[in-house]
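Values quoted throughout were computed directly from the atomic coordinates according to the rules given, and no laboratory measurement underlies them. The structure presented is a predicted model; accordingly, all values stated were derived computationally and were not measured. Here the Cβ is made from the backbone with ideal geometry for all residues, glycine too, and neighbour counts use every protein chain on show.
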Amino acid sequence: MRARKAGRITPQVSARVAEHIERLISEGSVAAGNRINEAALAERLGVSRAPVREALRGLEGKGLLTKIANRGTFVRELSVKEMLDIFDMRALLMGYGAERATELLNEERKRVLARLLDQMDRVAKAHDGTRYYRLNLEFHTAIITFSNNRRAARVYEELAKDLFRFRRNYFDFSPNMARSNAEHRAVYDAMVTGNEREARRLAEEHVQRGKIRVLQTIGP
C-alpha cells in the first residue's frame with residue numbers, strides 16, 4: 001500500500017487501512033487496551049496520516065476502537081458481560097442462518113461447506129490456531145450468507161468483529177479446534193439431510209458451547 005500524498009483521501013485507502021487494523025486485532029498483534037500509534041501505522045503502510053485518521057474514526061464508530069482525549073485511540077476493551085451478550089446474539093443468528101440455509105442449500109453450497117470442514121480438520125491436526133480461526137469465520141459466514149439475508153449477514157459480521165480479542169486465543173488450544181469442527185460437521189450433516197429444525201438447534205448449541213470454551217480460557 002503506497003499512497004503517501006497530500007490531498008484528497010480516497011475511501012479505498014482508508015478502507016484498506018481499516019482492514020489492516022482489524023487484521024492486527026484479530027491476529028492478536030494489537031491487544032485490547034493497546035494504543036494505536038497513528039504515525040507508526042502510516043509509516044508502516046506507506047500512507048499519509050489522513051487516511052489513517054479516517055480509518056480510526058470508522059473503527060471507533062463500529063465499536064472496535066475508543067478515543068480518549070489527550071491520550072489517543074485504543075483498542076476497546078470488551079467486558080465479559082458484553083462478550084456473553086454478543087455470543088447469545090450470535091447463537092440466535094447462527095440458528096436462523098442454518099435453518100434458512102438448509103432450505104436454500106444446493107450442491108455448490110454443500111461443496112463450499114464441505115471444503116471448509118476438511119480444511120479445518122487439516123489445520124486443527126497441524127495445531128494452527130490462527131488459520132483455524134480464519135476458516136472458522138469463513139464457515140460461519142458462509143452459512144449466514146447462504147440464508148440469503150444480507151441484513152443478517154451484516155449484523156453477524158459486526159458481532160464477529162466484536163469478539164476478535166476473545167475468540168482468537170482459545171483456538172490455540174488444539175482440543176478446542178477438534179471439538180469446534182466436530183460441532184460444525186453435526187450442523188452440516190443436519191443441513192445436507194434437509195433437517196431444518198435440527199440444523200437450527202445444533203447451530204445455536206455450537207455457539208453456546210463456544211461461549212463456554214471461551215469462558216474457560218479467560219478464567220474467573
### Query
Each residue of segment 114-128 in order: what ³J(HN,Hα) in whole Hz does its phi give by Karplus 6.51 cos²θ - 1.76 cosθ + 1.60, θ = phi - 60°, with x for Gly and Pro?
5, 5, 5, 4, 5, 5, 5, 4, 5, 6, 5, 5, 8, 6, 9
### Query
Put +1 on the Cβ of each Lys and Arg and -1 on the Cβ of each Asp and Glu in segment 80-218; which of Ala190, Gly210, Ala126 then has its Cα farthest toward the positive end of the dipole?
Ala126
### Task
Starting from the coordinates of the alpha-carbon atoms of segment 11-75, obtain the Kirkwood hydrodynamic radius over all distinct pairs and give the value in Å to one decimal.
11.6
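Taking Rh as the Kirkwood radius, which is the inverse of the mean 1/r over Cα pairs, what is the Rg/Rh value for segment 80-218?
0.94
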### Message
Spelling out what I want: for every residue of segment 130-146, take phi, set θ = phi - 60°, compute 6.51 cos²θ - 1.76 cosθ + 1.60 (Karplus), and round to whole Hz; glycine and proline get x.
### Response
5, 5, 4, 4, 5, 5, 4, 4, 4, 5, 4, 5, 4, 4, 4, 4, 6
#### Entry: Electrostatic dipole magnitude of the chain [Cβ: Lys, Arg +1; Asp, Glu -1; Cα centre; debye, to 20]
880
### Task
Give, in nm to one decimal, the length gained when the segment between Ser79 and Glu60 is fully stretched (0.36 nm per residue of separation minus the Cα-Cα distance).
5.2 nm
#### Entry: Placed amide H near Val30: partners under 5 Å, 5+ positions off or other chain
Ile25
#### Entry: Derived scalar couplings ³J(HN,Hα) [segment 89-94; Karplus, 6.51 cos²θ - 1.76 cosθ + 1.60; whole Hz; x for Gly, Pro]
5, 4, 4, 5, 5, 5
### Query
Pulled fully out, how much extra length does the chain show between Asp88 and Asn70, if you take 0.36 nm times their separation in residues and subtract their Cα-Cα distance?
2.9 nm
### Query
Helix-derived [θ] at 222 nm for the chain: sum -39500 (n - 2.57) over DSSP H runs of at least 4, divide by residue count, nearest 500?
-24000 deg cm²/dmol
### Task
Find the relative contact order for the chain and round it to a whole percent, using C-alpha pairs within less than 8 Å whose residues are 6+ positions apart.
24
### Message
Please list, by residue number, every one of the trypsin sites (Lys or Arg not before Pro) in segment 17-82 that is coil in DSSP and has at most 10 other beta-carbon atoms within 10 Å.
### Response
Arg71
